[in-house]
Amino acid sequence: MTRGRRENRQQPRNPHGLSSAPVTVLLVTSSNWPTGEPGADVLDRTLAGRGLEARWVCWDDASVDWAAADLVAVRSPWDYMGRPEEFLAWAREVDRTAPLLNGADVFTWNLDKIYLTGLGDVPVVPTRDAVDLAQLRAGVAEFGTAVVKPRVGAGGAGVLVVDDPEDPRLGQEIQDHPELPAARGPWIVQPLVESVRSEGETSVFVLGGRAISQVDKLPGGDEVRVHEHFGGASAAVPLREEAAGLAVRAMAAVGDLLGHPLDYGRVDAMRLADGTLVVSELEVTEPGLYLDVLPDNADAFTDLVEARLARS
């Protein structure tokens, strides 16, 4: 944000604590999601109803003037996993010129799933690093039935369930869905959490440090992946104290680790065989808001936007 724009904001305030002048919020997406994430129309209407000028732009569109934005929110740039270093370079540049929710340092930390090994006393699915085939095989041998994931990946791309350390798929580049990038190493190896097939995975949305909503997700058929493009289904459920507490604790731990609180994120969790609810993933780069399932998330996200604008 430029000095001139800061000075221009010293005007009469509206009831939400913002300037009476229009505010430009750039919602970041990708060319294959040009109008935003599923349910984006709900967010569009909510932002407009609060008097906020917002538009969807592609992160790699060279014509966008990021420095002219009052706030940039990364929402659905889901092609970036094919170009992670380019995406991070873009985020670092935007972070230097405009307020960016969460920020490039958060994205850099979150891009590599090895972060699961550095969350201190927050309970997580046991996770082993594997940079080569020998370590992959060792991880599978340790867990018996294991889930192998690329350390840099999204959308369930390249996830394998393996019970044989000599499985020929180990270490291969995998492209198991046409809309996702090919999965490459290095990898993480985790035990298969059997409850994913019965209880599923739960996701809690944390905005401004507060748990606001929850969805439960179940895989379809013989899958362990809960993503819709692999046959999974999501349902809104009442916010449960156990899951909410874990999510807030996990988000606070990341804030402590990186030296500043996070604006928003989604915390995914599963239940181990001993009954412990543990973090399976932290989505703090571009966590879908599930607006088609939880339309009220649009109000909570708009509250966050207004609060961040007021601080700016």
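Distance from the Cα centroid of the range 110-133 to that of the range 233-247 is 23 Å (rounded to whole angstrom).
Per-residue ellipticity at 222 nm, computed for the chain from helices alone with -39500 (n - 2.57) per DSSP H run of at least four residues, works out to -8000 deg cm²/dmol.
Under the classification rounded if a/c is under 1.5, otherwise prolate if a/b is larger than b/c and oblate if not, where does the range 128-192 fall, given a ≥ b ≥ c as square roots of the Cα gyration tensor eigenvalues? Taking the square roots of the gyration eigenvalues as a ≥ b ≥ c, the range 128-192 is prolate. Using a simple charge model, +1 on the beta-carbon of Lys and Arg, -1 on the beta-carbon of Asp and Glu, nothing else, what dipole does the chain show about its Cα centre, in debye to the nearest 20? Dipole of the chain, to the nearest 20 debye: 1140 debye. Here the range 128-192 is treated with +1 on each Lys and Arg Cβ and -1 on each Asp and Glu Cβ, and its dipole about the Cα centre works out to around 200 debye.
The coefficient of translational diffusion for the range 235-285, derived via Stokes-Einstein from the alpha carbon Kirkwood radius under 20 °C and 1.002 mPa s, stands at 182 µm²/s.
Taking all Cα pairs closer than 8 Å and separated by 6 or more residues, the relative contact order of the chain comes to 17 percent. Were the residues from Arg249 through Asp296 laid out at 0.36 nm apart, the gain over their Cα-Cα distance would be 14.6 nm.
Comparing Phe107, Phe87, Phe143 in a Gaussian network model of the chain, where Cα atoms under 10 Å apart are tied by springs, the biggest mean-square fluctuation is seen for Phe143.
Since only Val161, Tyr264, Leu277 are under comparison, the one whose Cα sits farthest along the positive direction of the charge dipole of the chain, derived from C-beta charges on Lys, Arg, Asp and Glu, is Tyr264.
Of Val193, Leu170, Val206, which is farthest along the charge dipole of the chain in the positive direction, counting Lys and Arg as +1 and Asp and Glu as -1 at C-beta? Value: Val206. Spin-label model, Arg92/Glu142: points 7 Å from Cα along the beta carbon direction are separated by 3.1 nm.
Every read-out reported here was derived from the displayed coordinates using simple, explicitly stated rules and does not represent laboratory data. Just so it is clear, the model here is predicted, and its values are computed rather than measured. Every residue, glycine among them, receives a Cβ derived from its backbone with ideal geometry; neighbour counts consider all protein chains shown.
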